[in-house]
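No value in this document is a laboratory result; all are computed from the given coordinates. Remember, it's a predicted structure, so these values are computed and weren't measured experimentally. Cβ placement follows ideal geometry from the backbone for every residue including glycine, while neighbour counts extend to all protein chains displayed.
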């Protein structure tokens with residue numbers, strides 16, 4: 001492509017320091033001529049650590065895509081549970097990349113067996129279901145939780161690094177994992193140090209998603225509107241502003257005839 005690729009990376013939560021950290025990782029990963037902007041929802045939880053958090057975060061994530069749909073070539077949802085990624089694929093034909101799915105694709109290409117190291121112990125079920133939805137349950141051999149709060153991953157970097165090293169060693173020695181996905185956007189930029197300590201590939205999920213977004217745009221591939229990811233049906237959605245109503249922003253109206 002002759003024109004720069006334009007990517008919107010969306011932090012799933014509303015914690016501004018994490019948005020800045022995500023942006024740093026994304027900017028480091030992108031091609032020099034890629035135009036990349038990192039944003040966060042206007043409303044939603046400070047961090048996503050359970051299903052209640054996740055479900056409340058999704059409308060704000062979708063709103064970010066709706067408001068910026070015309071300005072970008074691809075969108076990245078920067079939360080390891082990939083909240084709202086399938087709904088996001090309904091509201092735009094442009095590629096929408098979840099960082100969890102992206103990191104798993106990368107891990108799958110560099111290792112026969114891999115694992116995920118993540119935050120709260122309560123999040124394990126969410127992690128398992130994310131892996132299952134992506135179709136990689138048979139390749140993921142380890143999920144190790146550290147007990148870290150999501151906010152801690154930005155506020156206490158050294159403690160986060162040490163906790164990830166401990167969990168990573170258990171994944172390697174006890175579960176025979178041969179690569180590791182960092183299971184939180186707040187863990188971005190710790191991959192290189194962990195690789196040196198652990199001796200296996202460690203995947204920064206934000207960086208992986210940015211590179212896959214660039215690849216899909218470069219390949220000129222968009223989200224299929226043949227059936228599953230057709231735009232939502234037109235109907236009133238009570239309590240939401242006009243710009244969140246499907247009739248205001250439906251794209252690819254030709255899909256209606258399918």
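Once fully extended, how much extra length lies between residue 245 and residue 51, figured as 0.36 nm per residue of separation less the alpha-carbon to alpha-carbon distance? Before the final figure, lay out each step's value.
Working: separation 194, 0.36 × 194 = 69.84 nm, distance 2.45 nm.
Here the answer is 67.4 nm.
Ranked highest first by the average count of other Cβ atoms within 10 Å around their residues, in what order do 101-107, 199-205, 42-48 fall? Don't jump to the answer; show the numbers that get you there.
Details: 101-107: 23.9, 199-205: 22.0, 42-48: 18.7.
So the order, starting with the most tightly packed, is 101-107, 199-205, 42-48.
Return the whole-Å distance between the Cα centroid of region 172-201 and the Cα centroid of region 7-67.
22 Å
Could you give the C-alpha radius of gyration of the chain expressed as a fraction of 2.2 N^0.38 Å, taking N as the number of residues it contains?
The value comes to 0.99.
If one takes the longest principal axis of the Cα atoms in the chain, at what angle in degrees, from 0 to 90 and to the nearest 10, does the Cα axis of helix 51-68 lie?
Once rounded, the angle reads 50 degrees.
Take peptides 210-219, 225-234 and line them up by average Cβ neighbours within 10 Å, highest first, as a rough protection proxy.
Details: 210-219: 19.5, 225-234: 13.4.
In descending order of packing, they fall as 210-219, 225-234.
Relative to the longest principal axis of the C-alpha atoms of the chain, give the angle of the C-alpha long axis of helix 157-173, reported between 0 and 90° and rounded to the nearest 10°.
70 degrees
Once the piece of chain linking residue 226 and residue 110 is laid out straight, how much longer is it, given 0.36 nm per residue of separation minus the C-alpha distance between them? Mind showing how you got there, number by number?
Working: separation 116, 0.36 × 116 = 41.76 nm, distance 3.20 nm.
Computed gain between residue 226 and residue 110 is 38.6 nm.
Please list the three semi-axes, largest first and in whole Å, of the ellipsoid equivalent to region 100-204, using sqrt of 5 times the eigenvalues of its alpha carbon gyration tensor.
Working: eigenvalues 71, 48, 28 Å².
After scaling each eigenvalue by five and taking roots: 19, 15, 12 Å.
What is the angle, in °, between the Cα long axis of helix 99-110 and the longest principal axis of the Cα atoms in the chain? Nearest 10 is fine, range 0 to 90.
The answer is roughly 50 degrees.
Ranked by Cβ crowding within 10 angstrom, fewest neighbours first, how are 114, 80 ordered?
Details: 114 26, 80 30.
By the 10 Å Cβ count, ascending, the order reads 114, 80.
How are the alpha carbon pair distances in region 1-153 distributed across 5 Å bins from zero to the largest one, expressed in percent?
In whole percents, the pair-distance histogram is 2, 9, 18, 21, 21, 16, 9, 3, 0, 0.
With the calculation restricted to Cα positions, what are the radius of gyration and Dmax of region 141-258 in angstrom?
Just the Cα atoms of region 141-258 yield Rg and Dmax of 20.7, 55 Å.
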